[in-house]
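Notes to accompany the following structure.
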Amino acid sequence: MHQRTIFFISDGTGVTAETFGRAIMKQFDITTRAVRLPFVDTVDKAHQAVRQINHTAEQEGKKPIVFTTLVEPDTVQVVHDHCKGLVMDMFSTFVQPLEDELGAKSHHRIGRFTDISESKEYFERMEAINFSLAHDDGQTNHDLAGADVILVGVSRSGKTPTSLYLAMQFGLKVANYPLIPEDFDRQQLPPALLPYKKKIFGLTIAPERLSQIRNERRPDSKYASLQNCRMEVAEAESMMRRAGIQWLSTTHKSIEEIAAVVLQELKEES
């Protein structure tokens, strides 16, 4: 049973409110139920959202926590005046003090996507996502020179989710390659990667965790056996060490933490 319901209200997708809200709530050891209310861009929709929040408050007997990135004054007023939850307004908390300090008005464009298709940043991010999808799991060697980073590691060590996260959040073109038994027999990286060694970053993982993950996909197989996982991880780490490649273990790290380390390495290389 959850201890508290958390609402994320936005006049856009709600991603900003939810990302911020979830990061804050992780500081507390409580179970939560999350409800995202996107595209609350009229007074009528604001009243609908408030009714839903207030109903939850009455049903559960506890104030819901409400994270909001609403910027239109009329919709903001409805939430502040009528909501029976604890309202955490990101605009008044962060943007208003910055306006006062900088002596300038913000664009008030949280959640607004007008003309997004004409944004250079948006276009580059889409290009990065397409590149990362095309270069997932060693599908192609084409245009590796255009990659910002190339991730290597044994199968199921976290390469694909890290690649897509870096593409979607930071617009990086990421290729990823699995290290396989043929590479271990040759005792060197895949030949296609050798000219781009400076772009390579390695991911490894504890064999026990790798075996657990692989068993979910292919139970009771040699691929998932602990003995095979120990062999592959040891060979991969030895190969990366010989090649002078930076690497880290993903065993106890979130995708965000892995990406932060990769970004730091890229910064130091540039």
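The values are calculated or read from the model by the stated rules, or taken from the named source; none is laboratory data. Because the structure is predicted, anything quoted here is derived from the model rather than measured. Virtual Cβ from ideal backbone geometry, glycine too; neighbours counted across all protein chains shown. Please note that ligands, DNA and RNA were not included when accessible areas were found on the heavy atoms of the full protein model with its side chains. Shrake-Rupley method; radii C 1.70, N 1.55, O 1.52, S 1.80 Å.
Tabulated data for the structure shown
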{"read-out": "Between 0 and 90°, nearest 10: helix 207-217 axis offset from the chain longest Cα axis", "value": "70 degrees"}
{"read-out": "Inter-part distance where region 149-201 and region 1-62 are each reduced to a Cα centre, Å", "value": "38 Å"}
{"read-out": "Relative contact order (%) - region 137-193, alpha-carbon pairs under 8 angstrom, separation at least six", "value": "40 percent"}
{"read-out": "Segment Glu101-Asp220, extension gain: residue separation times 0.36 nm, minus the distance between their alpha carbons", "value": "36.7 nm"}
{"read-out": "0 to 90° range, to nearest 10: angle between helix 15-25 axis and the chain longest Cα axis", "value": "90 degrees"}
{"read-out": "Descending Cα extents along the principal axes, region 168-270, whole Å", "value": "44, 31, 19"}
{"read-out": "Subset of Lys197/Lys267; Lys159/Lys267; Lys198/Lys253; Lys159/Lys197; Lys173/Lys267; Lys105/Lys267 violating a 26 Å alpha-carbon distance limit", "value": "Lys105/Lys267"}
{"read-out": "In Hz, Karplus ³J(HN,Hα) per residue of region 36-43 (6.51, -1.76, 1.60; θ = phi - 60°; x = Gly, Pro)", "value": "9, 10, x, 6, 8, 10, 9, 4"}
{"read-out": "222 nm mean residue ellipticity, helices alone, for the chain (DSSP H n ≥ 4; -39,500 (n - 2.57); rounded to 500)", "value": "-14000 deg cm²/dmol"}
{"read-out": "His82 paired with Glu58, simple spin-label distance in nm, labels 7 Å along Cα-to-beta-carbon", "value": "1.3 nm"}
{"read-out": "Sequence-separation-based contact order of the chain, relative, with Cα cut under 8 Å and 6+ spacing, percent", "value": "14 percent"}
{"read-out": "Tensor-based shape of region 229-270 (alpha-carbon gyration tensor, a/c under 1.5 rounded, otherwise prolate or oblate)", "value": "oblate"}
{"read-out": "Extension gain from Glu72 to Met25, taking 0.36 nm per residue of separation minus the Cα-Cα distance", "value": "14.4 nm"}
{"read-out": "Whichever lysines have a C-alpha closer than 23 Å to that of Lys63, once near sequence neighbours (fewer than 8 apart) are set aside", "value": "Lys26, Lys45, Lys84"}
{"read-out": "Kirkwood hydrodynamic radius over Cα pairs of the chain, then Stokes diffusion coefficient at 25 °C and 0.890 mPa s, in µm²/s", "value": "113 µm²/s"}
{"read-out": "The chain - accessible surface per residue (Å², probe 1.4 Å)", "value": "58 Å²"}
{"read-out": "Degrees between helix 226-243 axis and first principal axis of the chain (Cα, 0 to 90, nearest 10)", "value": "80 degrees"}
{"read-out": "Accessible area of the chain belonging to carbon and sulfur atoms, whole % at 1.4 Å probe", "value": "51 percent"}
